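The values are calculated or read from the model by the stated rules, or taken from the named source; none is laboratory data. Remember, it's a predicted structure, so these values are computed and weren't measured experimentally. Here the Cβ positions follow ideal geometry from the backbone for every residue, glycine too, while neighbour counts run over all protein chains shown.
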Amino acid sequence: MKVQKAYCPALFLSAPGSNHGKTTITAALARYHVSQGRMVRVFKAGPDFLDPMILEQACGQPVYQLDLWMMGENECRRLLYQAALEADLILIEGVMGLFDGEPCCADLAELFSVPVMAVINATGTAQTFGAVAFGLANYRPGLRFAGVLANNVASPRHNDMLKQGIPADILYFGGIARDTQFVLPERHLGLVQAEEVSDLDSRITATAEALALTGLVNLPEAVEFTSQQSEPLPKLLASIRIGIARDAAFSFIYTANLEILEAMGATLCFFSPLADSALPEVDSIYLPGGYPELHLQTLQENLAMKAELRTHFELGTPLYAECGGMLYLLESLTDTAGLRGDMVGLLPGCAVMQNRLKGLGYQSAPMPGGLLRGHTFHHSLIDTPLLPIAYGERLHKTSAGEAIYKLNNLTASYLHCNFSSNPQAAAQLFLP
């Protein structure tokens, strides 16, 4: 097949680990360039749902995940190439630390020849900051390293000490002052959803203005992105109307998943279990994850929506539920304060939120239509008499994977599946 090429300035923003400010800086950098009249396309490495919400608000464009294990190299390559055709700048925000995981962010950056800029939280350090920068720049020979930016700088004197430790061959873009207006609020699954942060735009803009005083706002060099023409997906879902829950309680869904369903011919109809009393006219239903535990009373009191879902289940409508969507279909859900809410009751059993993480990591999911790749990240435990039809398989087989339940035409699991890993298998979840 003919290889297509496109060129676009690009930068990969990473860090030594989590909580260094990657999302804040990426969002601010995107906002700065948008304010200069540029089209900015932002990607998020890894399986995250919350950071892309922030990044979308910053750049005004859809944000896609890039994940070599879940999606594969070809799909990542295609998405970057398509972005390069239209964008003036591509930004990729990493996940965790630059070399954490397998595959890691460095693998992704190196594969696509995107230079890496490291955001480093400077709290509690001075000249040693330079040693951390040196390690990131030299740990993997051949990785294109653009430089470093200091975050949470306490004072001009602190900034001077940081610069003193930077080796001469590493570019120091400058520092961002420690300021609460630059901080994005968090909760147990990560950042608070974008729509819930009333002053999000002012926080992003304030950080962008601070960033404008550093050297990071200069456009990076252009990167060559390539792709090969691929065959269109089969129209397995032609004439199928899929009802998809989407509101503050159910928002953890990959943009690419929606596009794949549409590419296979589906019509997507969105509804809110929080606010709507009736479902649209649909042939199947998709309940993604989210934060149902934060909306127990509203979900409990929406009797009409629960009745609608029970009716569809009895009629044999395919239902596919992931994580929070699955919790909603249980008999009850209890939060960490002990508040219990009656849920839909299609799945026997109950779930209780925990104070610690109870599920994390990549897994392959043997769904009824074939193997899908996905990720799990949850703080709840389920007690159900229902026997699983299968279990997910962890990437490194360190322990048992998540249970996959099937009851009539209802399929449910804690796993968030990425449909690009096997579109045909994904289609089977929604076929009557």
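A few comments on the model shown:
- Qualifying residue in the stretch 148-165 (condition: in contact with a Ser or Thr (Cβ under 8 Å, 6 or more places away or on another chain), of a type in the set (Lys, Arg) and either modelled with pLDDT under 95 or in the same structural domain as Leu211 (by TED's automatic domain parsing) (or both)): no
- Residue match in the stretch 223-245 (condition: among the aromatic types (Phe, Trp, Tyr) and under 26 Å from Met343 (Cα atoms)): no
- Any chance Gly130 is farther than 28 Å from Asp67 by Cβ and crowded, with 20+ Cβ neighbours inside 10 Å: yes
- Arg356 vs. criteria under 23 Å from the mean Cα position of the chain (by Cα), on the phi < 0 side of the Ramachandran plot and basic (Lys, Arg): yes
- Scanning the stretch 264-286 for residues that are in contact (Cβ under 8 Å) with a residue 60 or more places away in the chain and of a type in the set (A, V, I, L, M) yields Met264, Ala266.
To keep it simple, each residue is scored yes or no on (1) of a type in the set (Asp, Glu); (2) surrounded by 17 or more Cβ atoms within 10 Å (Cβ to Cβ); (3) farther than 21 Å from Glu102 by Cβ; (4) in the same structural domain as Val344 (by TED's automatic domain parsing).
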residue	(1), (2), (3), (4)
Ser364	no, yes, no, yes
Met367	no, yes, yes, yes
Gly374	no, yes, no, yes
Pro385	no, no, yes, yes
Ile389	no, no, yes, yes
Ser399	no, no, no, yes
Cys417	no, yes, no, yes
Pro423	no, yes, yes, yes
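- Any hit, the stretch 90-98, residues being without any contact (Cβ under 8 Å) to a residue 40 or more places away in the chain, over 20 Å from Arg203 (Cα atoms) and not in a loop (DSSP other than H, G, I, E, B): no
- When the stretch 1-51 is filtered for residues that are aromatic (Phe, Trp, Tyr), out of contact with any helix residue (DSSP H, G or I) (no Cβ under 6 Å at 6 or more places or on another chain) and within 26 Å of Asn418 (Cα to Cα), the ones remaining, listed by number, are Phe43, Phe49.
- Residues located in the stretch 102-120, provided they are buried (at least 22 other Cβ atoms within 10 Å of the Cβ) and either touching a Gly at 6+ places or on another chain (Cβ under 7 Å) or without any contact (Cβ under 8 Å) to a residue 24 or more places away in the chain (or both): Cys105, Met117, Val119
- Selection within the stretch 357-407 - assigned to a loop (DSSP other than H, G, I, E, B) and at pLDDT below 95: Leu357, Lys358, Pro368, Gly369, His379, Leu395, His396, Lys397, Thr398, Ser399
- Condition met for Gly175 (of a type in the set (Gly, Ala, Ser) and either within 29 Å of Cys59 (Cβ to Cβ) or modelled with pLDDT of 95 or more (or both)): yes
- Test for Arg31: is it surrounded by fewer than 23 Cβ atoms within 10 Å (Cβ to Cβ) and assigned to a helix (DSSP H, G or I): no
- Residue count for the stretch 408-432, restricted to those that are part of a strand (DSSP E or B) and aliphatic (A, V, I, L, M): 2.
- Odd one out for Leu211, checked against (1) of a type in the set (A, V, I, L, M); (2) touching a residue at least 60 places away in the same chain (Cβ under 8 Å); (3) surrounded by fewer than 20 Cβ atoms within 10 Å (Cβ to Cβ): (3)
- Hits in the stretch 202-241 (condition: touching an Asp or Glu at 6+ places or on another chain (Cβ under 7 Å) and assigned to a strand (DSSP E or B)): Arg241
- Val192, sole failed condition from (1) at pLDDT 95 or above; (2) over 22 Å from Val132 (Cβ atoms): (1)
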